[in-house]
Amino acid sequence: MIDFPAFGAALNMLGGSLDAWIWVVPGLLIGLLFGALPGISVSMAMALVLPATLYMDFLPAIIFLTSVYTGAGFGGSIPAVLINIPGTSSAVATTFDGYPMAQKGLHNEALGAALVSSCIGVLISYVILFVLVQPLAEIVLRIGPYEMAAIGIWGLVLLGSIGGSSVTKGLFAAGIGVLCGTVGMNTAGYMRGDMGIPWLLDGVPTIPAMVGLLAASQLFALVNAKFIVADESKRTISLRRIIAGGGLVLGSPVALLRGSFIGVFIGAVPGVGSSIANLISYGEARRVSPDPESYGKGNPRGLIAAESANSSSEGGSMATMLALGIPGGGATAILLASFAMHNVIGGPRFMEQNRDIVYAIIISNFAQALILLLVGTAFVFVASTVVRLPLRYLIPSVLVMSTMGAFAIEGSIAGPITLFVFAVLGWLMSRYGFPVAAIVVGLLLGKLIETELLRAWQLAGGDPLYILEHPVAVGILVLMAVSLGLSLRRDIRRRRALKAASAVA
Amino acid sequence: MQTAILRRRIAWAPLALVTALAGIALAYLLEARGVSHDPQNLLLLQPTAWLVLGLWVFLAFGFLRMPVTEGEVRETPAEVLRILAMVGAFGLFILGLEAVGYDLSIWGFTLVALVIGGERKPLPLLLFPPLFMLGVVHGFRLLVPYPFPTSLL
């Protein structure tokens with residue numbers, strides 16, 4: 001599986017070229033900065049630096065872009081932890097436990113844990129890519145609409161009752177999210193719920209809605225507070241505690257490895273990407289945990305699961321791009337554009353003829369993950385000062401920046417209007433105990449599930465039993481049902497045990 | 001630890017919220033059914049809308065008999081008013097973006113939000129909003145390829 005002569009050539013190529021290395025730190029810093037700005041996505045950050053790569057050689061250009069990719073992958077988690085805004089859609093699940101940790105004054109630990117999870121996630125994903133690039137790509141080719149719909153349903157069911165005290169409220173919120181996700185024209189050409197507004201034909205703008213639901217609603221609720229962290233003694237910024245947060249990751253190897261594997265596999269599926277990986281990994285960690293109630297209240301394992309998955313999805317999507325020439329999402333599409341700018345065509349032939357360059361990209365990414373550990377620590381140290389800013393300044397600043405980010409994504413007033421509507425909805429729902437995260441998950445997965453179900457329906461000619469010809473999809477659904485049944489049985493046993501214990505007391 | 005239930009009451013605000021959302025879900029379902037009854041139109045939308053309406057029954061029943069527990073902390077009317085003022089100011093800011101320009105809107109909203117947040121010192125009120133507006137407008141002009149209307153800059 002590993003081509004050792006090509007590997008040696010890759011080492012020589014990297015060892016003999018200073019150009020290949022000097023762009024790593026600037027790339028990581030640009031990625032961190034843009035990823036941390038709400039509304040600026042990983043792909044937007046890469047698109048902004050793409051023209052600069054035109055005058056570089058091919059390998060330094062790709063290394064520069066992958067450095068931005070790696071930096072932005074972690075950058076999105078900084079505002080997710082500090083102000084409950086997922087800097088990118090891949091950091092939604094990072095907010096679930098990251099922000100509660102920050103509110104408890106554990107912002108240093110949360111950021112340290114997020115950073116180390118991201119770095120190890122990237123490392124693991126590229127190790128898997130290094131060994132299994134070809135077989136992984138072949139598996140991806142077998143994934144069709146049935147399997148994609150099954151993955152989407154898996155995510156939705158796992159997260160239906162996220163963070164909420166009541167399953168009914170969680171399901172209601174998820175249902176509202178799914179309905180919002182179906183607004184506009186579906187792939188069969190039917191227009192629903194657009195209310196005659198032209199920009200709703202493409203559906204509800206997802207990122208502005210998500211930022212409104214998660215962040216702006218939270219900021220409204222904080223209007224009467226003075227600081228994000230109420231206790232002054234806990235507002236310290238400590239390198240020692242950031243490093244201690246990194247140590248938490250090493251103490252949770254199962255959450256880390258599970259998140260990384262989920263991230264690689266889901267990241268490799270074109271069109272699914274890191275945002276779904278982030279959510280599914282979090283949901284899985286919560287489901288198998290002996291203490292699921294602690295999730296959403298600042299459990300570091302939730303943060304580790306979410307961050308390792310969104311970072312490791314980078315390696316997965318790179319596998320699909322390098323082996324098949326198929327971009328899994330916006331970021332890999334920009335990498336392919338850079339290939340084209342240098343007259344290189346990605347895909348199986350590139351992989352066969354330039355295995356040394358493929359290995360050089362992979363080795364460089366190992367180095368990027370390690371350098372990110374240092375650069376990211378310094379960045380996190382500076383970014384943590386947010387907890388010391390008075391909320392009377394932070395609230396208008398973040399609301400304005402989010403609004404401008406929403407405008408930047410949509411290119412019109414549609415972004416800010418969506419942000420406002422969903423901010424009010426999110427504030428009202430969280431005020432009355434509905435888990436806002438469930439609406440976000442519904443919104444993200446609703447569109448994916450509908451599109452894939454429709455494709456499956458069209459392929460089957462309306463025959464639901466046609467699914468039996470897709471054993472992988474059936475396997476995912478059976479596994480989901482079995483694991484849900486086991487979780488339910490465990491919950492019932494635990495409740496009985498608690499009841500018995502309180503009766504004895 | 002179990003909290004003691006003192007009495008039960010009707011929770012009007014959450015009841016109104018879920019009823020409004022269920023109403024919107026029903027209106028959406030009827031509109032979608034008006035477009036077409038084809039399963040390709042209603043495959044996910046219809047079962048989800050029915051699920052939301054079914055859950056509304058459970059939730060509404062719960063909100064009609066909401067328990068009032070011991071030690072329940074509620075915001076004071078002044079605190080609620082301050083949140084509503086911020087929501088209103090943010091709404092006006094969004095409305096003003098295209099009407100008066102992004103620059104003036106940002107300036108005005110930042111100033112009002114600082115006052116709502118409790119800032120009373122004249123110097124920060126005078127300096128922070130225009131400086132912040134300058135930074136945001138120029139920063140986003142560099143980053144964003146789309147033009148946005150401004151009055152002053």
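The values are calculated or read from the model by the stated rules, or taken from the named source; none is laboratory data. None of the values given here were measured: they were computed from a predicted structure. Every residue, glycine as well, gets a Cβ built from its backbone with ideal geometry; the counts of neighbours run over all protein chains shown. Please note that ligands, DNA and RNA were not included when accessible areas were found on the heavy atoms of the full protein model with its side chains. Shrake-Rupley method; radii C 1.70, N 1.55, O 1.52, S 1.80 Å.
One table, with the values for the structure above:
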item	result
Drop in accessible area of at least 40 Å² in the complex versus isolated chain, residues of the stretch A:207-223, 1.4 Å probe	A:PHE220, A:VAL223
Kyte-Doolittle mean at least 1.6 and Cα axial length at least 15 Å: DSSP H helices in chain A	A:24-36, A:107-141, A:253-268, A:330-341, A:355-383
Shape call, the stretch B:77-143: gyration tensor on alpha carbons, a/c limit 1.5	oblate
Average accessible surface area per residue within the stretch A:165-240, 1.4 Å rolling probe, Å²	40
Peptide A:389-399 - average C-beta neighbours from other chains (10 Å radius)	6
Per-residue SASA entry for A:LYS447, accessible area with 1.4 Å probe, Å² rounded to 10	70
Alpha-carbon Debye profile of the protein assembly as shown, log10 I(q)/I(0) at 0.06, 0.09, 0.11 Å⁻¹	-0.33, -0.76, -1.16
Cα-only radius of gyration and Dmax that characterise the stretch A:257-368, units Å	16.3, 53
Rh (Kirkwood; distinct C-alpha pairs) - the stretch B:5-69, Å	13.1
Chain A, relative contact order [Cα under 8 Å, separation at least 6], %	27
Accessible surface ranking that places the most exposed of B:GLU79, A:GLU450 first, with a 1.4 angstrom probe	B:GLU79, A:GLU450
Between the stretch A:246-271 and the stretch A:354-397, the alpha-carbon center distance in angstrom	18
Using alpha-carbon coordinates, inclination of helix B:77-99 to the longest axis of chain B, degrees	60
The stretch A:18-139: mean projected area of Cα convex hull, nm²	8.5
Highest-MSF residue in chain B out of B:LEU134, B:LEU15, B:LEU43 [GNM, Cα springs under 10 Å]	B:LEU43
Overall form of the stretch A:397-466 per C-alpha gyration tensor (a/c, 1.5; a/b vs b/c)	oblate
Accessible surface of the protein assembly as shown [probe 1.4 Å, protein heavy atoms]: carbon and sulfur percent	69
Aspartates and glutamates with Cα under 17 Å of A:LYS447, excluding same-chain neighbours fewer than 8 positions away	A:GLU147, A:ASP194, A:ASP202
Overall Cα dimensions of chain B, principal axis frame, Å, largest first	52, 52, 27
Total accessible surface hidden between A and B, rounded to 100 Å², 1.4 Å probe	5500
